[in-house]
Amino acid sequence: MPLVPIGLGWLIGIWAAFTFALSSTLLFIALLVPCAGIVLWRAEPRARLAWLALLAALLGALRTVAAQPTFDADDLATYNDRGRVTLIGVVDDDPDRRDTFVNLRVRAETLAWPDADPIPIHGLVLVHADRLTEFRYGDRLEVIGPLQTPPEFATFNYRDYLAGAGVYSIIDRPRIERVARDQGSALLAALFDLKARARATIAAILPEPQAALLTGILLGDDAGLPPSVKDDFRFTGTSHIIAISGYNFSILIAMMSVPAVRLFGRRRAFPILLLAVFAYTVLVGASASVVRAAIMGALVLTATYLGRQTAALNSLFIAAFGMTLLEPFTLGDIGFQLSFAATLGLVLYTRPLQALTERGLTRLLSAFGSASRSASRDASYKTAAKKFAGVLSDAVIVTLAAQITTLPVLIITFRQLSILTLLVNGLVLPAQSGVMVFGGLALLVGLALLPLGQVVGWLAWLFLTWTLQVIHLFAQAPGVSIALGYVDPLWGVAYVAALAGITFYVSRSAQQRTEIQQRMTKMISLRFALPALVIVGLWVGLALAWQPDGKLHVHALNVDGLPAFVQTPSGRQILIGGSNSPSALLAALGARMPFWDRELDLLVVTRDDVRALNGLLAVVDRYQVGTIVSVEIGDSRAGREWLDMLAAKQLAVIEAGLGIGIEDGVSLSSSRDGWVRIEAGATSVGIGRPRSDSRVDVLLVAEVTDDVSAWLESAQPSIVVACGAVEAPEGMAVVDTEQNAAELLFDGARWEVKAQP
């Protein structure tokens, strides 16, 4: 499998480039290392392969760095967040219709501000339009509204999600007028029209929610499913049934392979399955995500039928390489992750699990069979076990094989573990053959003759209703789903590493496993005692370095909103204020807290709008917070999400306006207008807009306004920390955090200011 480690190295390099800020210059220099290794170890195949994998990782990282967007005057995203604009562009994808709105992906052509001439522009914008609009692919639209940068949310980075599709701008609920029709590809228009006709036909054939479920299964459009039904699928771990991705193509191919081989033979089944993949791709509209999933499934199917498991693995990694070479952001797409992981699981584990099941069933039948043993009786047991394992393969084994590898993706993304998922899948997956066959047949017949399609649809209704009722029944069971909260991706990395090690070990022969055990024994010998002691010493040194030093630390974080992170002399940790950017706020906290620490003693909310709560939602999601002091939260989207988060985590809130003792000699007071004051011994720190009687030694100002001079006269601080230039009286030190964060330390006698990156 020479392509597997190389492809794996490529994917790891892309992941590293997204996770860490890697310099292209350093990456180019680092290329010399694997190149030298390949030359020096050219006679040793294993070493050469390892160097090739490292080279692929560096090249993957370089490709990702090169793919990072840079915007010039001709790019639409350059003009984000500058107010209301008039945009002319063409809808270049099938409209995504939801319950209360519709998403239109528009390729921009011109941009104009009020009372200004339009300028030519290029780029994609996602337009959130009213649900009742009837725009379609190929319409040229005039869109009037505020052009904005996509937001980040506490549990979902919407900005990165859209970036994966090449979208860097949004316009929410604008005024829209159609300028022209049929401005897109005639072929795509025909495909989208076919999909729209298919949706309408299914709706005419079946009642709800069966119609919405069949639309989701056949067409990948689950917008019509009620939220309660979606929750049932999510709780039971069966959401893959209604979301078209590589996971669905993998399950579809696996389910169709057995009957196709039995009916037509192995050689004839292969082109039939390829034709089925192609036909299904066309039927669901051939969107980019569906095409990627279909290519991956078709490549692995080809390798499986024409070669060996090795060829299937190589084809999988070739497909992943090609997709991420064209668009590295594909690696972050949940559909791609599930496609790759599920296909990998099916290739690696379906046959071993089936063989293991056959052996287990054979032993079970032998144990309960006749005491008299014979070769013919043993053969009959094996035959019976093989047939029963074949039945289980479609219902349970395929699902288990896919879920072994998709488990970390599902847990990290959806933050829950469905403990009955194998049982539920075992009950509903066999019915999906009936759904696909009779539902697809009803759709095809209904497109030609609707009344006859309705008759065929009665058969599909039985399988759809079984699916809905079984999933709903198990979704009501207590403890069916375990809510996990935030799961650090490092746990996913550890799971994959352990799974890879176990898979490699089990796949070896008995002699090779003995050799591996001997090597592991040598690795634990005294030769490795010194490196182990060095590593332990480093960990101990890091732990000691993070111990409290008896000083008051005030970190003015260089993120939107200028929140403050305070560490008291005894080590208590306080976050005051928030940010509009969850990722920036979390990164700033991560750089100033011990890497193992996930606890905040106190969180102070100083404003109730999205510019603060957006980041604080992520903080409460990731960290355990002891006490929350908050201003009154208004009725807004961010406010409702904040209150829902507090209720879900059962966190109590103290209303601003009271004084709190933090530790001996340190106290905090806050006001309902967001002013916060910390007193520690002989010094005091103020954050926000000071009150008329508030004298402090250090003042942190989030926004520099015209009346800052009045604030300074009121507070009379000796040090002012602000994001921007401040005109302060002579003798008053000013720290500008516009470029760098700042740390202020008080040792009981004087303040010291340190700049931080």
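The values are calculated or read from the model by the stated rules, or taken from the named source; none is laboratory data. Computed from a predicted structure; not experimentally measured. Ideal geometry is used to build each Cβ from the backbone, glycine not excepted, and the neighbour counts take in all protein chains shown. We work out accessible area using only protein heavy atoms, side chains counted, and drop any ligands, DNA or RNA first. Shrake-Rupley method; radii C 1.70, N 1.55, O 1.52, S 1.80 Å.
When the range 184-198 is filtered for residues that are open to solvent by 60 Å² or more (accessible area, probe 1.4 Å) and closer than 22 Å to Gly439 by Cβ, the ones remaining, listed by number, are Asp193, Arg197.
Return the residue satisfying two criteria in turn: it lies in the range 163-183 and is β-branched (Val, Ile, Thr) and surrounded by 19 or more Cβ atoms within 10 Å (Cβ to Cβ), and of such residues it is farthest from Asp609 (Cα to Cα). Working first, answer last.
Restricting attention to the range 163-183, the residues satisfying the condition of being β-branched (Val, Ile, Thr) are 167, 170-171, 176, 179.
Right, trim to surrounded by 19 or more Cβ atoms within 10 Å (Cβ to Cβ) and you get 167, 170-171, 176.
Working: Val167: 26, Ile170: 20, Ile171: 20, Ile176: 28 Å.
Ranking the qualifying residues of the range 163-183, first place goes to Ile176.
For the range 133-153, a residue qualifies if it is in contact with a Phe, Trp or Tyr (Cβ under 9 Å, 6 or more places away or on another chain) and within 30 Å of Ala587 (Cα to Cα), and the qualifying residues are Leu147, Thr149, Pro150, Pro151, Glu152. Residue pairs whose Cβ atoms lie under 6 Å apart, separated by 6 or more positions or on different chains, with the first residue in the range 3-15 and farther than 18 Å from Gln68 by Cβ and open to solvent by less than 20 Å² (accessible area, probe 1.4 Å) and the second assigned to a helix (DSSP H, G or I) and not acidic (Asp, Glu), are Gly7/Phe317; Gly7/Phe321; Gly9/Ala53; Gly9/Ala56; Gly9/Ala57.
Each row is one residue, and each column tells you yes or no for (1) over 30 Å from Ala648 (Cβ atoms); (2) in contact with a helix residue (DSSP H, G or I) (Cβ under 9 Å, 6 or more places away or on another chain); (3) of a type in the set (A, V, I, L, M); (4) open to solvent by 50 Å² or more (accessible area, probe 1.4 Å).
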{"residue": "Ile419", "(1), (2), (3), (4)": "no, no, yes, yes"}
{"residue": "Gly440", "(1), (2), (3), (4)": "yes, yes, no, no"}
{"residue": "Leu459", "(1), (2), (3), (4)": "yes, yes, yes, yes"}
{"residue": "Gly479", "(1), (2), (3), (4)": "no, no, no, no"}
{"residue": "Ile482", "(1), (2), (3), (4)": "no, no, yes, yes"}
{"residue": "Gly492", "(1), (2), (3), (4)": "no, yes, no, no"}
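Asp160 satisfies every condition listed in (1) open to solvent by 80 Å² or more (accessible area, probe 1.4 Å); (2) in a loop (DSSP other than H, G, I, E, B); (3) of a type in the set (Asp, Glu) except (2). Taking the condition assigned to a loop (DSSP other than H, G, I, E, B), in contact with a Gly (Cβ under 7 Å, 6 or more places away or on another chain) and open to solvent by 10 Å² or more (accessible area, probe 1.4 Å), does Gly561 pass? Yes; evaluated as a whole, the condition is true for this residue. Exactly one residue out of Ile6, Ile14 is under 17 Å from Ala320 (Cβ atoms), part of a helix (DSSP H, G or I) and in contact with a Gly (Cβ under 9 Å, 6 or more places away or on another chain), and it is Ile14.
Within the range 453-505, restricting attention to residues that are among the β-branched types (Val, Ile, Thr) and either in contact with a strand residue (DSSP E or B) (Cβ under 7 Å, 6 or more places away or on another chain) or closer than 24 Å to Val409 by Cα (or both), the residue that is modelled with the highest pLDDT is Ile471. Here is the figure for the range 468-492: residues that are of a type outside the set (S, T, N, Q) and assigned to a helix (DSSP H, G or I) total 11.
State whether the residues of the range 174-193 include one that is within 30 Å of Ala584 (Cβ to Cβ) and either in a helix (DSSP H, G or I) or not polar (S, T, N, Q) (or both).
Quick first cut of the range 174-193, residues within 30 Å of Ala584 (Cβ to Cβ) only: 174.
When the remaining residues are screened for being either in a helix (DSSP H, G or I) or not polar (S, T, N, Q) (or both), the result is 174.
Yes, that holds for at least one residue.
Would you say Ala67 is modelled with pLDDT of 90 or more and either surrounded by 15 or more Cβ atoms within 10 Å (Cβ to Cβ) or in contact with an Asp or Glu (Cβ under 7 Å, 6 or more places away or on another chain) (or both)? So Ala67 does not fit the description; no.
Working only within the range 622-633, note down all residues that are within 18 Å of Asp609 (Cα to Cα) and either charged (D, E, K, R) or open to solvent by less than 30 Å² (accessible area, probe 1.4 Å) (or both). If you could, list the steps in order and put the result at the bottom.
From the range 622-633, those within 18 Å of Asp609 (Cα to Cα) are 628-633; that's our starting set.
Scanning the range 622-633 gives Ile628, Val629, Ser630, Val631, Glu632.
Among residues of the range 139-155 being out of contact with any helix residue (DSSP H, G or I) (no Cβ under 9 Å at 6 or more places or on another chain) and either part of a loop (DSSP other than H, G, I, E, B) or free of Cβ contacts under 8 Å to residues at least 60 places away in the same chain (or both), the one that is surrounded by the fewest Cβ atoms within 10 Å (Cβ to Cβ) is Glu142. Considering the range 24-60, the residues that are surrounded by fewer than 12 Cβ atoms within 10 Å (Cβ to Cβ) and of a type outside the set (A, V, I, L, M, F, W, C) include one that is nearest to the chain's Cα centre (by Cα), namely Thr25. For Gly571, the requirement of being surrounded by fewer than 17 Cβ atoms within 10 Å (Cβ to Cβ) and either in a strand (DSSP E or B) or at pLDDT 85 or above (or both) is met.
Just so you know, in the range 509-555 the residues that are out of contact with any Gly (no Cβ under 8 Å at 6 or more places or on another chain), assigned to a loop (DSSP other than H, G, I, E, B) and open to solvent by 70 Å² or more (accessible area, probe 1.4 Å) include one that is modelled with the lowest pLDDT, and it is Ile524.
Take the residues of the range 114-127 that are surrounded by 15 or more Cβ atoms within 10 Å (Cβ to Cβ) and not β-branched (Val, Ile, Thr): which is nearest to the chain's Cα centre (by Cα)? Steps first, please.
First, pick out the residues of the range 114-127 that are surrounded by 15 or more Cβ atoms within 10 Å (Cβ to Cβ): 121, 123-127.
Checking the rest, the ones that are also not β-branched (Val, Ile, Thr) come to 123-124, 126.
On the way: Gly123: 24, Leu124: 22, Leu126: 19 Å.
My answer is Leu126.
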